[in-house]
Amino acid sequence: MAKSKFKRIVLKLLKWFGIVVALILVILSIVVIVNLNYDKPSLYVSEENLQKEYANTDTKVMAKNLVAQMSLDEKIAQMYGEPYASGMAKLATNFLVKKRFAHIYVGENKRLGIPPWVLSDGPRGARVLGKDVKGVTTFPVGMARGASWNPDLEYRINQVIASEMRANKVNYAATPCINLLRHPGWGRAQETYGEDPWLLGEFGVAAVKGLEKHNIMACPKHFALNSIENSRWVVDVEVDERTLREVYLPHFKKTVQKGKPASIMSAYNAVNGEFCGSNKELLTHILRDDWGFEGFVTTDWLMGVYDGIKGVQAGLDVEMPFQQVYTQEVIQEGLDSGEISESDIDKIVTRSLSTRLKYALIDDQDNYPTSDIGKPSSIELAREAAEESMVLLKNEGILPFKNQEGKTIAVIGRLADLENTGDRGSSDSKPLYVETPFEGIQKHHQAQGNKVILDDGSDLERAKELAGNADEIVLVVGFTHEDEGEYIIFSREQMEEAAEAGKSLGKVTIGGDREDLSLLEQDEMLIKALHPMNDNLAVVYVGGSAIDMSTWEDDVPAILFSWYSGMEGGTALANILYGNANPSGKLPFSIAKNQKDYPPFTPYTKNFKYGYYHGYTLFDKKGTTPAYPFGFGLSYTNFTYDSLAVKTQEISMDDLLEVEVNVSNTGEVDGKEVVQLYIGFSNSTVDRPVKLLRGFKKVHLKAGETKKALLDVAAKDLAWYNPATENWEVESMTYELYIGSSSAKNDLLQSTFIVK
Ligand code: BGC
């Protein structure tokens, strides 16, 4: 009796348990379905609203009118992405279930007919994908493109990225990343364009113009001094005024003033004691008051601002992606205490509205069909970009490999057949396909019927035997998203603890900074084991920044930096290795002989001081010879320089210095050369770099051809920032002028000129 009662109770409990589980499953399924099929509101002002509210064509006036009609809550609703809980559910569900990045909408106001804006990351291709879009054109990473020294190419690339973002129903691009590469160990080095502010500025402008051409709001990031990844949420970067203005900000200034992006993203880190998201000095005094920026500032995602009142006071416009500190309570508290006023809020909302309405008023969405994603010309551009960016560092006459029949080629290494387009953090994009190094080389040899053998190098003896019997070896070494990239860790506390301890606490993480610049041990072992087996061995490096090659570079006859080269990288690599394309990339950073020659760097730190010198300015100042100088890269032909002429020996402070030089291709194949112009400051009365890049031009020269390269430098670009007068000052003195093929002294012709 007691037994059957017990049985009944158990059955009843099980029934209820079943019902609860079923209910939870139903609710979860609904949550998943709803979040996967989220609404995609139009990003454009509708015809009907256009008549009523938007009759005036000046968006500043329109924005003011609209703000005047808003309640405080409606204003606050313009100041963040989506509500935290629902936004997070949407982001997480799409990420976990579909491995896709959801559209996060910002600032829609149905009552007033204001459409939202929506962001996609995309330094190498659109990240947010629309329904049924399988992938996009994926380009080589930013650092690779920086190595092309070809801003026109960058402009064209960003036009494709922008068009494909538009096809995916996005109108705001969280790109370009223009943080300066202070130290090669920075985990996100691959996203930016190099170590030099001038090069960064030229690329920043090109990228922004390319994006904005297609009615995409560009958002250069991360403002500012964001170049230590593993401590990005906690580090406070200390920097003096001169270093800040002359080294870490000029590229932002140029990108803002010449590119005119709609927006800027603040960095996670603090600068001189204040987090960038609430740093008034950066966001208001410098960005707006000094540079005249008229767009709006958004935070970096999730831990970009901690104090809403300080954010308002600093001039931060939008908290992304969710509402965390720009809440009704915080804002009301600030208003009640008098720390902020409603007119501060009005200013913020008017600023973002007047900028984004310009984009919302042009409904050209029909020009961007999804069928255009990955069209042949875009794929072609991805290949061109990969070819133009590869840097040939060493070549003892073995490259290009000969195209002949009956050969056996061994493609060796754990990365040889890996689809490896770089970081899987925010800069990830889903390629339509990826041509690996092995596939590219195999395809190249198909016509000749050559044998291309793939080996992952895991068994050294087998690899050695293969290497000994092959005609040539392509040895692919380097990194993946696991070794470098955005630091994937979800706890700020953990980051803080490691920063306090000054070392990794051994938590499992992905990406991040590289503490040691050497290749992984297995790659070094492979190089050492294989180079004695075959004289025709080319080391191909895949990665985003400098490496320490000191233990093996003398042993190998050829080294090619191929970077994370995008979806067409394999084809481009084969074209370079077999001479269908002539390498024309140049290093966008210096490579030291000894890791100690770089400025100090640690991934785990709460406070870090950035000095005035880094990169080639540091090598020059200390008189240290780098292993490979900034601006260096070989070609399959030779270029010579002569007849350097300064058009006017003396210029005034407002003038332009015009310079010409003859560049000749003295070899037997056509090629492209990057003519570099540096200015020297040896007569300065203040401490200045030995020289600074102030111009460059990529010229195409047929075999045997000579061309006159014309370059100019504005006298105002020779200025230094005097913290005492808070002014940029051009010294009146004799300057050195250097022109040539790299930043190394021996590669440069020299002259002088005077600024009166
Ligand atoms: C990155 C940004 C990115 C944002 C959105 C952040 O973690 O630092 O560069 O735009 O995520 O994905």
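The values are calculated or read from the model by the stated rules, or taken from the named source; none is laboratory data. In this text the structure is predicted, and so the values were computed from the model without any measurement. Every residue, glycine as well, gets a Cβ built from its backbone with ideal geometry; the counts of neighbours run over all protein chains shown.
Numbers below:
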read-out: Checklist (1) surrounded by fewer than 23 Cβ atoms within 10 Å (Cβ to Cβ); (2) within 16 Å of the ligand (Cβ to nearest atom); (3) in a helix (DSSP H, G or I) applied to residue 324, failing item; value: (3)
read-out: Segment 677-704: number of residues that are closer than 23 Å to residue 389 by Cα and assigned to a loop (DSSP other than H, G, I, E, B); value: 2
read-out: Residue list for segment 599-623, filter: under 22 Å from residue 744 (Cα atoms), crowded, with 23+ Cβ neighbours inside 10 Å and within 22 Å of the chain's Cα centre (by Cα); value: 614, 615, 616
read-out: Subset tally (residues that are small (Gly, Ala, Ser) and within 16 Å of the ligand (Cβ to nearest atom)) for segment 193-209; value: 2
read-out: Any hit, segment 504-512, residues being in contact with a His (Cβ under 8 Å, 6 or more places away or on another chain), assigned by TED's automatic domain parsing to the domain that holds residue 556 and surrounded by fewer than 20 Cβ atoms within 10 Å (Cβ to Cβ); value: yes
read-out: Counted residues, segment 140-192 - those being closer than 25 Å to residue 510 by Cβ and either of a type in the set (Asp, Glu) or within 16 Å of the ligand (Cβ to nearest atom) (or both); value: 20
read-out: Pick from segment 515-530, criterion touching a Phe, Trp or Tyr at 6+ places or on another chain (Cβ under 8 Å) and charged (D, E, K, R), ranking: farthest from residue 597 (Cα to Cα); value: 528
read-out: Positions within segment 732-756 being part of a loop (DSSP other than H, G, I, E, B) and out of contact with any Ser or Thr (no Cβ under 6 Å at 6 or more places or on another chain), in sequence order; value: 732, 733, 741, 742, 743, 744
read-out: Test for residue 255: is it of a type in the set (Ser, Thr, Tyr), out of contact with any strand residue (DSSP E or B) (no Cβ under 8 Å at 6 or more places or on another chain), farther than 21 Å from residue 82 by Cα and within 16 Å of the ligand (Cβ to nearest atom); value: yes
read-out: Residue in segment 457-465 that is of a type in the set (Lys, Arg) and under 31 Å from the mean Cα position of the chain (by Cα) present; value: no
read-out: Enumerated helices (runs of 4 or more DSSP H) restricted to segment 49-155, each holding at least 1 residues that are more than 26 Å from residue 325 (Cα to Cα) and not assigned by TED's automatic domain parsing to the domain that holds residue 695; value: 59-68, 84-98, 142-148
read-out: Those residues of segment 82-101 which are aromatic (Phe, Trp, Tyr) and buried (at least 18 other Cβ atoms within 10 Å of the Cβ), in sequence order; value: 101
read-out: Boolean, residue 641 is in a loop (DSSP other than H, G, I, E, B) and either touching a residue at least 40 places away in the same chain (Cβ under 8 Å) or closer than 23 Å to residue 390 by Cα (or both); value: no
read-out: Number of positions in segment 523-562 that are in a strand (DSSP E or B) and of a type outside the set (Gly, Ala, Ser); value: 9
read-out: Criterion (more than 15 Å from the ligand (Cβ to nearest atom) and either surrounded by fewer than 21 Cβ atoms within 10 Å (Cβ to Cβ) or over 19 Å from residue 365 (Cβ atoms) (or both)) met by exactly one of 125, 113; value: 113
read-out: Residue check for residue 639: touching a helix residue (DSSP H, G or I) at 6+ places or on another chain (Cβ under 8 Å) and closer than 28 Å to residue 590 by Cα; value: no
read-out: Residue count, segment 302-316 (criterion: away from the ligand (no atom under 16 Å from the Cβ) and surrounded by 21 or more Cβ atoms within 10 Å (Cβ to Cβ)); value: 5
read-out: Yes/no for residue 265 being within 16 Å of the ligand (Cβ to nearest atom) and part of a loop (DSSP other than H, G, I, E, B); value: no
read-out: Test for residue 270: is it within 16 Å of the ligand (Cβ to nearest atom), surrounded by fewer than 24 Cβ atoms within 10 Å (Cβ to Cβ) and not aromatic (Phe, Trp, Tyr); value: yes
